[in-house]
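The values are calculated or read from the model by the stated rules, or taken from the named source; none is laboratory data. Quantities reported herein were computed from a predicted structural model and do not represent experimental measurements. Every residue, glycine among them, receives a Cβ derived from its backbone with ideal geometry; neighbour counts consider all protein chains shown.
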Amino acid sequence: MSKDIVQIFDTTLRDGEQVPGCKLDREQKLVIAERLDVLGVNIIEAGFPVSSPGDFQSVEAIAKLVKNATVCGLTRAVKNDIEVAAQALKHAKTPRIHTGIGTSDSHIKFKFNSNRDAIIERAVSAVSYAKTFVEDVEFYAEDAGRTDNEFLARVCEAVIKAGATVLNIPDTTGYCLPDEYGAKIKYLRENVKGIDKAILSCHCHNDLGLATANSIAGVINGARQIECTINGIGERAGNTSLEEVVMIMRQHPNLNLDTTINSQLLYDTSLMVSRKMGMMVQPNKAIVGANAFAHSSGIHQDGVIKNRETYEIIDPADVGVTESSIVLTARSGRAALAYRAKIVGYELTKTQLDDVYQEFLKYADTRKEIKDDDIHQIIETSNIDLQSIS
Ligand code: KIV
Ligand code: ZN
């Protein structure tokens, strides 16, 4: 059975760039946008054009440069924002305007001092106005995660009538549980008239560490777009991580979902974004962290040396990592020591390995990690006859 394709909407250059201290200049944004296009993302959210002249120019330059992906610009439900975004996207092969407004009671009361009916009117006017510039208009219901489902369905129905092609259901504050977020998407699919005319999109924040789980719950329940960033960067605890959702769908064929991403470029893209933004990737980050394919305990190392699949569910080559690494620490066993010793040039017999291993443990207890240079030192200073080592 052929798989359904989930559109990957990358917002590294908009929501991702909102991280304090990670601002990119235009050249850096262009290099990243070009890479995202080659990676195979379907939509690149290039920025928020009205926010500053610099952002406008970046969106304009990205719109000219990108060859395959749709290029999208964010706006508030404000006429001038929409006009400026349309202008910035003028040269895009396939432009999209992403407009919207807060729909939760908290946003309606505290941000807008308004009421539900007036918010629907503003939403409809924004979408109708955006439609006068571009065919593809995505509507976001900000704080949809905390918006009452019945009201959210009314908003969605009204903006579909006004021509919205994509309905973004953001869990702006990262509050939802996966069951709850999945049920919200299901509710909209079952209760919004005309829902088949639009794509439902998941945009989840990671305040409780649930952004990836919520996005996956969303697509299981019928959403067909995920908004995400490279390395999961973004405001506060970040956005859904692109590499995680892509690999979850790929590693679970029973979901019958896939993306157009070339996963072999994931690691390299992660490195590129991390370097350009000056934002380190935590070593234990899924898929792209430095330790994602590193094994340090003796039991795991023994298993991986015998067969990688004992402790790895992803072939590192599938995400562009050259090989799994066997890291030597005081928790490593003989199999790992013999394996690394062989790589650096010592083929040890069983008796030699027994002797060197005792020296190795004493040495390793004083170090966090044993590098190749340390192995040379341990073997050279041990009592074993070096002439006899092949
Ligand atoms: O998190 C959010 O609600 C957003 C919208 C502006 C799409 O980023
Ligand atoms: Zn967001």
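Put simply, of Asp171, Asp105 the only residue that is modelled with pLDDT of 95 or more and within 16 Å of ligand 2 (Cβ to nearest atom) is Asp171. Within the stretch 290-313, the set of residues being surrounded by fewer than 17 Cβ atoms within 10 Å (Cβ to Cβ) and farther than 23 Å from Ile375 by Cβ comprises Asn307, Glu309, Thr310, Glu312, Ile313. Of all the listed residues (Ile185, Ile120), the sole one being closer than 21 Å to His98 by Cβ, more than 16 Å from ligand 1 (Cβ to nearest atom) and assigned to a helix (DSSP H, G or I) is Ile120. Is it fair to say Ser52 is more than 22 Å from the chain's Cα centre (by Cα), assigned by TED's automatic domain parsing to the domain that holds Arg224 and closer than 22 Å to His203 by Cβ? Spelling it out, it is not the case that Ser52 is more than 22 Å from the chain's Cα centre (by Cα), assigned by TED's automatic domain parsing to the domain that holds Arg224 and closer than 22 Å to His203 by Cβ.
Looking at Gly289, Gly222, Gly234, just one residue is more than 16 Å from ligand 1 (Cβ to nearest atom), in a loop (DSSP other than H, G, I, E, B) and assigned by TED's automatic domain parsing to the domain that holds Glu138, and that residue is Gly222. Every listed requirement among (1) within 16 Å of ligand 2 (Cβ to nearest atom); (2) assigned to a loop (DSSP other than H, G, I, E, B) is met by Gln282 save one, (1). No other residue among Asp171, Asp143, Asp207 is within 16 Å of ligand 1 (Cβ to nearest atom), out of contact with any helix residue (DSSP H, G or I) (no Cβ under 9 Å at 6 or more places or on another chain), assigned by TED's automatic domain parsing to the domain that holds Leu242 and not aromatic (Phe, Trp, Tyr) apart from Asp207. Taking the residues in the stretch 146-168 that are more than 9 Å from ligand 1 (Cβ to nearest atom) and part of a strand (DSSP E or B) as candidates, determine which candidate is surrounded by the most Cβ atoms within 10 Å (Cβ to Cβ). Step by step, filter the stretch 146-168, then rank; the result is Leu167. Within the stretch 1-36, the set of residues being in a strand (DSSP E or B), within 16 Å of ligand 2 (Cβ to nearest atom) and either under 12 Å from Ser58 (Cα atoms) or acidic (Asp, Glu) (or both) comprises Asp10 only.
Can you pull out the residues in the stretch 213-241 that are under 20 Å from Ile195 (Cβ atoms) and either within 15 Å of ligand 2 (Cβ to nearest atom) or among the hydroxyl-bearing types (Ser, Thr, Tyr) (or both)? The answer is Asn214, Ser215, Gly218, Gln225, Ile226, Glu227.
With respect to Val273, is the statement that it is β-branched (Val, Ile, Thr) and outside the structural domain of Asn239 (by TED's automatic domain parsing) true? Spelling it out, it is not the case that Val273 is β-branched (Val, Ile, Thr) and outside the structural domain of Asn239 (by TED's automatic domain parsing). Taken together, the residues in the stretch 88-104 that are surrounded by fewer than 16 Cβ atoms within 10 Å (Cβ to Cβ) and touching a helix residue (DSSP H, G or I) at 6+ places or on another chain (Cβ under 8 Å) amount to 2. With respect to the conditions (1) in a loop (DSSP other than H, G, I, E, B); (2) within 16 Å of ligand 2 (Cβ to nearest atom), His203 lacks only one, and its number is (1). Among the residues examined, Leu74 qualifies as within 28 Å of Val246 (Cβ to Cβ) and either among the polar types (S, T, N, Q) or within 22 Å of the chain's Cα centre (by Cα) (or both). In the set (1) away from ligand 1 (no atom under 13 Å from the Cβ); (2) more than 22 Å from Gly163 (Cα to Cα); (3) part of a loop (DSSP other than H, G, I, E, B), Ala92 fails one condition alone, (2).
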